[in-house]
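Asks: Dropping the structure in here first, questions after.
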Amino acid sequence: MTKSIFYRIFGLRKLPKETRNRFEGEGIVFDEEGTSCALAFRKFRGTHRSSGRGWQSCAVGSLVITKRTFYVHLPFMIHCEKPIEEAVQYLDLELSGPTKLVMKFGVEKLFEKSTGNLTCYWRTENASAIMGDIVKF
C-alpha cells in the first residue's frame, strides 16, 4: 500500500478512532487508509465540489472494506459508509496495471447530495485482491 506523504506527516484522511474500533470489530478485509489516488470528475456536484470536467491528482483517500461495511473518504468531503452488499451494486471496477484499481462510483446512490460522474484511480499493491474480493459480493 502506498501511503501518501500528506497522510504520513499530517494524518490526512485518517479514520476517527471510534470508526477504526468499530471496523476492527467487524473484521477488516482491506485497509487502504491514507492511500494515494487520483480523481476524475465529469458534471460532478457535491457538497464541497462542483466541476464540469476535472482532474485531481496526488489526492489522499481512504478505502476500508470490512466484512460488513464499504467505507471511502476522498477530498472535498466526498464520503461514503454503506453496507458492502449495497455499495457493490453501484461500483464499476477494473484493473489498470498490477497496482492500479479504477473505481467508478454510482454517485447518486453512494454519496449524499451528489450528482454526476466520479472515478477514483487507487494506487495500491492490493488492487487485484480488492477487485476480486468486491466482485464476490
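The values are calculated or read from the model by the stated rules, or taken from the named source; none is laboratory data. Note that the structure is predicted; figures quoted are calculated from it, not measured. Using ideal geometry, Cβ is built from the backbone for each residue, glycine included, and neighbour counts are taken over all protein chains shown.
Asks: Condition first: without any contact (Cβ under 8 Å) to a residue 24 or more places away in the chain and touching a Phe, Trp or Tyr at 6+ places or on another chain (Cβ under 7 Å). Now tell me which residues in the stretch 52-80 satisfy that.
Replies: Arg53, Gly54
Asks: Let me spell it out: the conditions are (1) farther than 14 Å from Leu63 by Cα; (2) at pLDDT 95 or above; (3) aliphatic (A, V, I, L, M), and Val135 meets all of them except one. Which number is the exception?
Replies: Answer for Val135: the failing condition is (2).
Asks: What number of residues in the stretch 35-66 are under 30 Å from Gly25 (Cα atoms) and hydroxyl-bearing (Ser, Thr, Tyr)?
Replies: 4
Asks: So which residues in the stretch 88-137 are farther than 19 Å from Thr66 by Cα and among the basic types (Lys, Arg), if there are any at all? Even if it seems obvious, please write down each step before you answer.
Replies: From the stretch 88-137, those farther than 19 Å from Thr66 by Cα are 94-100, 102, 104, 106-109, 112-121, 123; that's our starting set.
If the condition is that a residue be farther than 19 Å from Thr66 by Cα and among the basic types (Lys, Arg), then Lys100, Lys104, Lys109, Lys113, Arg123 are the ones that fit.
Asks: Then there's this: Residue by residue through the stretch 109-137, note down the ones that are assigned to a loop (DSSP other than H, G, I, E, B) and either farther than 24 Å from Lys43 by Cα or of a type in the set (Phe, Trp, Tyr) (or both). Steps first, please.
Replies: First, pick out the residues of the stretch 109-137 that are assigned to a loop (DSSP other than H, G, I, E, B): 111-114, 124-126, 137.
Correct list: Phe111, Thr124, Glu125, Asn126, Phe137.
Asks: Of the residues that sit in the stretch 115-132 and are closer than 15 Å to Gln56 by Cβ and not aromatic (Phe, Trp, Tyr), which one is surrounded by the most Cβ atoms within 10 Å (Cβ to Cβ)? Steps first, please.
Replies: First pass over the stretch 115-132, keeping only residues closer than 15 Å to Gln56 by Cβ: 116-123.
Those left that are additionally not aromatic (Phe, Trp, Tyr): 116-120, 123.
Details: Gly116: 19, Asn117: 15, Leu118: 24, Thr119: 17, Cys120: 20, Arg123: 18.
By that ranking, first place goes to Leu118.
Asks: Suppose we filter Cys120, Cys80 for residues that are in contact with a Leu (Cβ under 6 Å, 6 or more places away or on another chain), closer than 22 Å to Asn21 by Cβ and of a type outside the set (A, V, I, L, M); which single one remains? Explain how you work it out, then say what you get.
Replies: On the way: Cys120 fails: closer than 22 Å to Asn21 by Cβ.
The unique qualifying residue is Cys80.
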